[in-house]
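Heads up, the thing below is written out as C-alpha cells.
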Amino acid sequence: MKQKIFITTPIYYVNARPHIGHAYTTIACDTWARYQRLAGREVFFLTGTDEHGDKIVKAAAAEGKTPAEYCDTISGEFRTAWQKLGLTPDDFIRTTEDRHKRVVQQILQKIYDAGDIYAGEYTGNYCFGCERYLTDKELNDKGECVIHLKKPEVISEKNYFFRMQKYLPLWKAQLLQNRSLVSPEGYCNEVLGTIDELIKNGEDLSISRPKTRLEWGIELPFDKEYVTYVWFDALINYVSATSYGNPQQFDAWWATAHHMIAKDILKPHGVYWPTMLMAAGIPVFKRLVVHGYWLGFADQKMSKSLGNAKDPLELAAKIGNDALRFFLMREMNFGSDARFSEEIMVNRLNANLANDLGNLVQRTLSMLKKYECGPNPQTAPHTSAAHIDASLKTLKADYLRTFDNFEFQYAIEAVFVVIRSLNKIVDDYKPWSLAKENMTECTALLNTLVRAIAVVLLYLRPVLPEKTAEYLTLLKVTSQQEFPETLAEVAFAEQKLDAWPMLFQRMETV
Ligand code: ME8
C-alpha cells in the first residue's frame, strides 16, 4: 500500500480575483503534490474557496449581485485559473456546499454538547479585512490593522464563545514536545508567543455573528438567530473535504494532513484550528508550513486590498506556465518574504532557464545533430560519466530531503548545481574540437550528456511539468527510477533528431 499524503492550500476569499499570492501557495502545493506522487506516495491535494462573511456580502453588493451569484462567479474564476495554470488539485471545496455546512454544524453541536461553547457579550476592534477582532498588538501606531492599513471598527454584541482557554495549555505542551508541527521554526516560536499572550489576556474565541448583522453564513445548530464566525466555518473545510464522519476514509488521510499558508493567517491556523480540533476530539494536523509574502513596489505585501498584486494568468500568458512556476518556486526562500518585480523575474528566468538549462539542452542536441552521432543509447559512457554519477548521488539525497521539508529553492538549486556542472563538462571537453580529433570520444561525450539531460529533466518534473513532459517525450526517455542516481538508470531511444522546440527563450521584458 502506498503511503498517503494530504496537502491543503488555504481556501481563498472570493471577494477578489486570484492574484499572484494565491497562485504562489497553490503552485507550491501543486509542486509538492507532484513531487510526492513521483516519490511513490498517494496524494490528496485540496484547495477551494471561502465564501461566507461580511466582506463577501459587501463585495457582492458592490457588483450588484446576490452573495450566492457572486460566489459562483469568483469561485469559478479560481477553479478556472488553477486549470489554466495546469494545476492538479484532487478536490475543490466551497464553504457554501452542503457537504461542508453539514460537517460545520456537526462539529459545532459536538463542541456545544461537551460544554465548550457558551453565550456571552463581546466588545472589540473588528477588522473586516481579517474577519476577526484584533488585539492592540495587531494595530500600527495610527491604530490601523497592520495588514489592511485600515482602522478596525469597535463592535459590541452578544455572541457564542468557544472555550479556547481550556485547550491553549494543551496545545502549547504538544507544540513544545514536537516543534516540527509548525515550520519553519520562526513561525513555531511566533505561535508559542501568541498562545502565551492569549493565555495572559484570558479571552475565549467568539464563534458566532448575530443574523441581525450578518445572514450570509452557516446557522448555529443550537441557536437559529446566529451564524457561524467565518474563520470557525472556513477552517473546518480541511476535514469536511476529507469525509469527516466516515472514519474509514477520514482517519488515514487526516493522519497525514499538511496545511500550507502564508504568515498572514498564522494565528487562525496555528492557534484557533488546533484548539478547535482538540475540542472536537480530532487529532491535530501533522504539519503547518508557513511561507512569507510576495512584496511589490516599496516592499509592500502584494494584496487585493492594496491593489498592487499581479494577475498570474496575464503573466503566464506572456511567459508560459512553467516559467511562472519556476520563478515563484525558485525565487522565494520558503518562509521568508521575496520581492516581485519584472527585473528580478527576467534575470532569474534568463539565468536559470535560458542560460543554464536552455543552453545545455540546445547545444547538446545541436551538436548531436550536426555530427550525426545520436542520440544513441548504445554508445559507451564518456570518462566524465563517473563524475556525473557522483554528483547525481548527492543530488538525489539533497533533493529528497529538501523537497520533503518544503525547501523548494534548495531542491531546485540542487538540480541546477548538476546542470551547471554539465555545462562545465561541455566547456572543458569541447565536443566541437573532439569532432575534428576524436569522433569516438565526441560521440561518447554527447550521448553521456543526453543521458544526463534526461536525468535532470526527470528531477525538474514537479517544477516544470509541461516542458519536461515535452522533452522527455521528444527524447523518448524511460527510467527505472523516478529519481535516478546513476546515468545507467535512464534509457532513451536511438533516433535522428531533426528539429525540436526551443526550451526557454531569453527575454528582455515580461
Ligand atoms: O485568508 N504573498 O483568504 P485570502 C504570499 N479565506 N502569499 C499570499 C499573498 C502574498 N502577497 N497574498 C495572498 C484567507 N497570499 C482565508 C483563508 S483558510 C481556512 C481561510 C496567499 O484570500 C497566502 O496563501 O486572503 C495567504 O495565506 C492566502 O493567500 C490568503 O488568502
Could you give the accessible area per residue of the range 253-312, probe 1.4 Å, as a whole number in Å²? 30 Å²
Using the Cα gyration tensor of the range 126-167, with a ≥ b ≥ c the square roots of its eigenvalues, what is the shape: rounded (a/c below 1.5), prolate (a/b larger than b/c) or oblate (neither)? prolate
My understanding is that a pair violates if its Cα-Cα distance is over 20 Å; which of K151/K304; K151/K301; K142/K211; K151/K224; K370/K436; K55/K110 do that in this structure? K142/K211; K151/K224; K55/K110
Could you pull out the trypsin sites (Lys or Arg not before Pro) across the range 172-247 that fall in loop regions by DSSP (anything but H, G, I, E, B) with no more than 16 other Cβ atoms inside 10 Å? K211, R213
Rg from C-alpha atoms of the range 198-277, normalised by the globular rule of thumb 2.2 N^0.38 Å, equals 1.26
Given the range 1-151, report the % of alpha carbon pairs whose separation exceeds 26 Å. 44 percent
I'd like the trypsin sites (Lys or Arg not before Pro) in the range 56-148 restricted to DSSP loop residues with at most 15 other Cβ atoms within 10 Å, sorted by number. K65, K142
The range 4-331: antiparallel bridges as % of DSSP beta bridges, rounded to 5, reads 50 percent
At 0.36 nm per residue, minus the direct Cα-Cα distance, what do R99 and E197 gain on full extension? Give it in nm, one decimal, please. 31.7 nm
Any idea what the alpha-carbon Rg over 2.2 N^0.38 Å comes to for the chain? 1.11
Computed over the Cα atoms of the range 164-228, what is the ratio Rg over Rh, Rh following Kirkwood? 1.16
The Cα extents of the range 349-491 along the principal axes, largest first and rounded to whole Å, are 48, 31, 27
Could you tell me the relative contact order of the range 349-491? Use alpha-carbon pairs under 8 Å, at least six residues apart, and round to a whole percent. 32 percent
May I ask you to derive the FRET efficiency for E42 and A493 from their Cβ-Cβ distance with R0 = 22 Å, giving the value to the nearest 0.05? 0.10
Excluding residues on the same chain fewer than 8 positions from K158, give the aspartates and glutamates whose Cα lies under 18 Å from its Cα. D54, D116, E121, E131, E203, D204, E215, E219, D223, E225
List the DSSP H helices in the chain whose Cα atoms stretch 27 Å or more along the helix axis and whose mean Kyte-Doolittle hydropathy is at least 1.0. 439-459
What length, rounded to one decimal in nm, is gained on full extension from A380 through to T478, with 0.36 nm per residue of separation minus their alpha-carbon distance? 33.5 nm
With a point put 7 Å past each Cα toward its Cβ, work out how far R420 is from D337 in nm, to one decimal. 2.7 nm
Sorted from largest to smallest, which semi-axis lengths in Å does the alpha carbon gyration tensor of the range 12-91 give for its equivalent ellipsoid, taking the root of 5 times each eigenvalue? 29, 11, 10
Restricting attention to the chain, give the cysteines that have no other cysteine Cβ less than 4.7 angstrom from their Cβ. C29, C71, C188, C373, C442
For an R0 of 60 angstrom, estimate the FRET efficiency from the Cβ-Cβ distance between A62 and T440 and round to the nearest 0.05. 0.25
Taking the range 273-412, the equivalent ellipsoid from its C-alpha gyration tensor has semi-axes in Å, biggest first, of 39, 25, 12
Exceeding 24 Å between C-alpha atoms, which entries from my cross-link table qualify? They are K150/K310; K430/K467; K150/K267; K286/K393. K430/K467; K286/K393
Charged-residue dipole, Cβ positions (Lys, Arg, Asp, Glu), the chain about Cα centre, Debye nearest 20: 560 debye
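The values are calculated or read from the model by the stated rules, or taken from the named source; none is laboratory data. Remember, it's a predicted structure, so these values are computed and weren't measured experimentally. So basically every Cβ, Gly included, is an ideal-geometry build from the backbone, and we count neighbours across all protein chains shown. Just so you know, the surface numbers come from the protein's heavy atoms only, side chains and all, with ligands and any DNA or RNA stripped out. Shrake-Rupley method; radii C 1.70, N 1.55, O 1.52, S 1.80 Å.
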